[in-house]
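Derivation of every value follows stated rules applied to the coordinates shown; laboratory data play no part. A quick note: this is a predicted structure, and the numbers were derived from the prediction, not measured. All Cβ positions, even for glycine, are placed from backbone atoms using ideal geometry, and neighbour counts span all protein chains on display.
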Amino acid sequence: MELKKVIVIGCPGAGKSTFSRKLSAKTNLPLYYLDMIWHRPDRTVIGRVEFDKRLSEIIEKDNWILDGNYARTLPMRLAKCDTVFFFDLPLEECIAGVKSRLGKERVDMPWTENELDSEFLQWITNFPRDIVPEINRYLEQFDKSVIRFHSRAEADRFISSL
């Protein structure tokens, strides 16, 4: 399997960014965090037009890892990628993952989250019902290599196999 243009998607807290960093280190592919493009340090966002412009510039490059969901832009990314890593972990593990990073500085987010916002928690809770079916519909439309992880251990084994 040749990895050149990779998408890493899944519920917040599943381990996408940690996996993406490990994958980038193993493959030397440049890593782009969609949250770092969308969010500004002052907790505002850049807006869809600017986001889409920046994303378009990245996906025209020869190689990349794109870490993040942003389902609205999934067709645009699926059209250009060769491989999708989908973190399809149990909801409880994702919530625990989000809670474990509270108060910690992260390279994939322009600020430190100190508490779990109730709106964000609700979005995570609804992710399996609302977002996973949408992701699956998009994945069915594109003939791409999709590797689905059901645990962080599976993801770690994949990295070790490279």
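Quick one: if the Förster radius is 30 Å, what FRET efficiency do F142 and S118 give, using the C-beta to C-beta distance and rounding to 0.05? E(calc), rounded to 0.05, equals 0.30.
Once the chain from T125 to I46 is taken as fully extended at 0.36 nm per residue, the excess over their C-alpha distance is 25.9 nm. Dipole size of the stretch 19-130 about its Cα centre, with +1 on Lys/Arg Cβ and -1 on Asp/Glu Cβ: approximately 260 debye, rounded to the nearest 20.
Protection proxy ranking of 135-141, 69-75, by the mean of other Cβ atoms within 10 Å over each peptide's residues and highest first, is 69-75, 135-141. Name the shape class, rounded, prolate or oblate, that the alpha-carbon gyration tensor gives for the chain, where a ≥ b ≥ c are the square roots of its eigenvalues, rounded holds for a/c under 1.5, and otherwise prolate holds if a/b is larger than b/c and oblate otherwise. Note, shape of the chain comes out rounded. Each Cα pair under 8 Å and six or more residues apart adds its separation to the average, and for the chain the resulting relative contact order is 34 percent.
The alpha carbon centroids of the stretch 3-42 and the stretch 92-148 are separated by 12 Å. Note on the stretch 86-131: percent of Cα-Cα distances in each 10 Å bin, starting at 0 and stopping at the bin with the largest distance, equals 24, 53, 23. Count Lys and Arg as plus one, Asp and Glu as minus one, and take only other residues whose Cβ is under 15 Å from that of K5; the net charge is then -2. Among residues other than H150 with Cβ under 10 Å from its Cβ, the summed charge is -1 (Lys and Arg +1, Asp and Glu -1).
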